[in-house]
Amino acid sequence: MKKLLFLLILSLLVIQCKTSKPAVAVDTKPVTIDNDSLEYDIIIIDIGFDNYLHTIAKPMNFYSQDYYEQKNRFYVPAWNHRVRTSRAGKWSQVFENEIDYDYKINYGLELNYKLYNYFKFVEYKYRIKLY
């Protein structure tokens, strides 16, 4: 049985915030995709992502699954490059984990949609371009 788990855990506090607050905020809500038929999960824990997904992001069916897959083909390598090069830099708390995304696997519309919008969320929240 194949199981793919994307785990994107980013800083849960604003990077510039240098207080002694705990690392996990109370209002953090993980986004989880459970698709038993395909057996793939995506877990995204970042303050504001759920709100972004429901208020700013376009609806899931606005673009096709092919569109999201094509965009993720650019975003995933750009993300992984940032992870490898930002180990001790300014964005090290944002780019913590690499994403194991295989372009040959059909992850489905929902997973590709949330992954794509997570990249857009990071660009929006931190005002950085991934690619």
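In nm, to one decimal, how far is the modelled label at Ala78 from the one at Glu96, with both set 7 Å along Cα→Cβ?
My value for the distance between the label points is 2.3 nm.
Within 10 Å, Cβ to Cβ, of Leu130, how many net charges do the neighbouring residues add up to if Lys/Arg are +1 and Asp/Glu are -1?
My count for the surroundings of Leu130 gives +2.
Quick one: which residues, 5+ away or cross-chain, put their amide H under 5 Å from the amide H of Tyr40? H built at 1.01 Å from N.
When sequence neighbours closer than 5 places are left aside, the close amide H contacts are Asn35.
Work out how much length Ser86 to Ser64 would gain on full extension: take 0.36 nm times their residue separation and subtract the Cα-Cα distance, in nm to one decimal.
Answer, rounded to one decimal: 4.7 nm.
What list of ³J(HN,Hα) couplings, whole Hz, do you get for region 90-105 from phi and the Karplus terms 6.51, -1.76, 1.60, once you set θ to phi - 60° and write x for glycine and proline?
For region 90-105, the Karplus-derived couplings read 4, 9, 4, 7, 8, 9, 9, 10, 6, 10, 9, 10, 9, 5, 7, 9 Hz, x marking Gly and Pro.
Fully extended, how many nm does the chain gain between Arg127 and Asn106 (0.36 nm per residue separation, minus their Cα-Cα distance)?
Computed gain between Arg127 and Asn106 is 4.5 nm.
Values quoted throughout were computed directly from the atomic coordinates according to the rules given, and no laboratory measurement underlies them. Only a predicted model underlies this, so the values are computations on that prediction, with no experimental measurement involved. Backbone-built Cβ (ideal geometry, glycine too); neighbour counts: all protein chains shown.
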